[in-house]
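Single-structure report; data block below.
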Amino acid sequence: MEDEILGKAYDSRLMKRLLKYVRPYRKWVFFAIFLNVLIAGLGPVRPYLTKIAVDDYILLHDSSGLLWIVLSLFGVLVFQAVVQYLNTYFTSWIGQRTIYDMRVEIFTHLQKLSLRFFDTTPIGRLVTRVTNDVEVLNELFSSGIVMVFSDIFIIIWIVVFMFAMDVQLSLVTLSVLPFLVLITMWFRKGARDAYREVRTQLARINTFFQEHVTGMNVVQIFHREEKELSKFREINKAHTDAHVHSVFYYAVFYPSVELLQAVAVGLIIWYGGGEVVQKTISLGVLISFIQYTEMFFRPIRDLSEKYNIMQAAMASSERIFKLLDTEMIIQDSTIISGGIGEAKKSTLKEGRIEFRNVWFRYDDNAGKTEFKKTEQEQNNDEWILKNISFTIEPGTTTAFVGATGAGKSTITNLLLRFYDIHKGEILLDGIDIRLLKQNELRKRFAIVLQDVFLFSGDIQSNITLGNEQFSQEEIQRAAQIVGADSFIEKLPKQYNEEVKERGATLSVGQKQLLAFARALVTQPEILILDEATSSVDTETEQLIQNAITALLQNRTAIVIAHRLSTIQHADKIIVLHKGEIRETGTHQELLALGGIYFKLYQLQYKEQELTT
């Protein structure tokens, strides 16, 4: 629904914030306004020169004087063309620079937002903010704010020239203005409602199209092509009807303005012609008034277009500022800036991790009132983690197992401060991670996820993520250790082989191997493997296991896995169930307990043991 909101045509609060982006280029804005005022002043000069040409030279048969007027008209046109070029160039330049700054600010802000924000916000909406909504503001900055001055000053200059030549004829000419105001008000209201409907239907089309292109394999597998096409036709027809409805207002407004212009010209000829016959005014005045009338109604039509631009810009800016005002950001502690954090950072060498009575849930309001509840009431809440405490010693491998939703991946998200806990403490080498800068904290970790994300580019850039500090030898060595070199060297361009969007041309196993190489090349102190081998075949898994054995030496490691075969040699295995730690021990110790771990082991290996 947010994409369908259309605010009022002008909002001083929003405009004040928008002008902040123009402020760095204000000298160019003033220069563009000056050019617009100059253009506005040059336009009415031509009809006035026409009046002089008719009255002072044509009627007096003065060809030499007429030549000078013609040359003057030509000079004005050439000068106006040059000024118009400069004006168009600078207004476009201002528009592009401002939206460049705005896009950078939006993207920078998005990178600061916590994962909680992305959990609840559709990606398509964010893409729309950075592309469509910002592009709408480009029209405002390049064709709206500055160009409005041109239209307004053209109207002012025309009225000044007309009244200077003849007051009565000016009043007769402008007698159609009340009708023009009425038709403009009708157009403004109708066009606003129609434009809102167009935006609503466009949002429906975008949503439907994005969803079905992303899920095209499901559509084709279940033979839904005809059904989905029927739905799309319905949505597309609603969008077409909305556009046709909006065209109605334009189809009535512009001919109405043309009609009023024709009426104004008719009044000039009727009244002014009589005045010319009576020799009250000159023929040149009559001709210039006809020209002024044509020039007067042109900016009126332009201002109607500017209204639509302003209206769309206000709606887009409101959505953009709503995004920029989002405060779902994990903040660094202010203690860091005082130097305490830097002093403590120097002690971070070992890699000892400790969770102390940690409580967490994915609810923004969690932690605000729970302190007043009893332990029983707390346990009844939808906590993801409940009073979690454990220690991971430096250089050891600790594995977490449990059913889906037990809270395994949540532990790693909290450790990396993608989310902040509600109660308790998370310590790294004895220091609360909230006292550390997030970038310094995360530099010590490398993580391999089950769902590997690859960027468009090449193999090498996906291993280094654009970090130029790694040499070619380091990149190749990382690939060799995890076994990725076996398929990379078979590619035509090897490490320079192009990677399509999300690694579409690579298998799941190949993408997983690249993720391991990406993690290894950074030489992390702490390695996190979150279901890292669940999507690969047995042969690839064995290859990775051999690499992991060498990789985990003298390195703290956290392994989350469904396959118990991958964690049998872990120094410690922690079993989670419904957000609580139920069992802790080695593989053999947990089997001896005969608890949850033993049942999981039986489920995975009973059939295999029976067959052997």
Once the Cβ-Cβ distance between HIS109 and SER461 is put in as r, and R0 is 22 Å, what FRET efficiency do you end up with, to the nearest 0.05? 0.30
For the stretch 231-273, what does the equivalent ellipsoid look like in terms of its semi-axes, each the square root of 5 times an eigenvalue of the Cα gyration tensor, given largest first in whole Å? 42, 4, 4
Once the stretch 50-172 is represented by equal point scatterers at the alpha-carbon sites, with solvent omitted, what log10 I(q)/I(0) does the Debye formula produce at q = 0.15 Å⁻¹? -0.89
In terms of the alpha carbon gyration tensor, root eigenvalues a ≥ b ≥ c, rounded if a/c is under 1.5 and otherwise prolate when a/b exceeds b/c or oblate, the stretch 264-313 is prolate
Take the Cα pairs of the stretch 399-518, get the Kirkwood Rh, then feed it into Stokes-Einstein at 25 °C and 0.890 mPa s and tell me D in µm²/s. 150 µm²/s
Cα centroids of the stretch 210-287 and the stretch 134-206: how far apart, whole angstrom? 14 Å
Which of the chymotrypsin sites (Phe, Trp or Tyr not before Pro) found in the stretch 13-101 are in a DSSP loop and have at most 15 neighbouring Cβ atoms, other than their own, within 10 Å? none
For q = 0.16 Å⁻¹, what log10 I(q)/I(0) does the stretch 185-308 give under the Debye formula with an equal point scatterer on each alpha carbon and no solvent? -0.86
If the chain between LYS27 and VAL213 were fully stretched, how many nm would it gain, using 0.36 nm times the residue separation less the Cα-Cα distance? 62.3 nm
The summed charge of the LEU59 Cβ neighbourhood (under 13 Å; Lys/Arg +1, Asp/Glu -1) stands at -1
Do any chymotrypsin sites (Phe, Trp or Tyr not before Pro) in the stretch 171-259 lie in a DSSP loop with no more than 11 other beta carbon atoms within 10 Å, and if so, which? PHE222
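Bear in mind that the values in this text are calculations on the coordinates, not laboratory data. From a predicted model like this one, the values you see are computed outputs, not experimental measurements. Ideal geometry is used to build each Cβ from the backbone, glycine not excepted, and the neighbour counts take in all protein chains shown.
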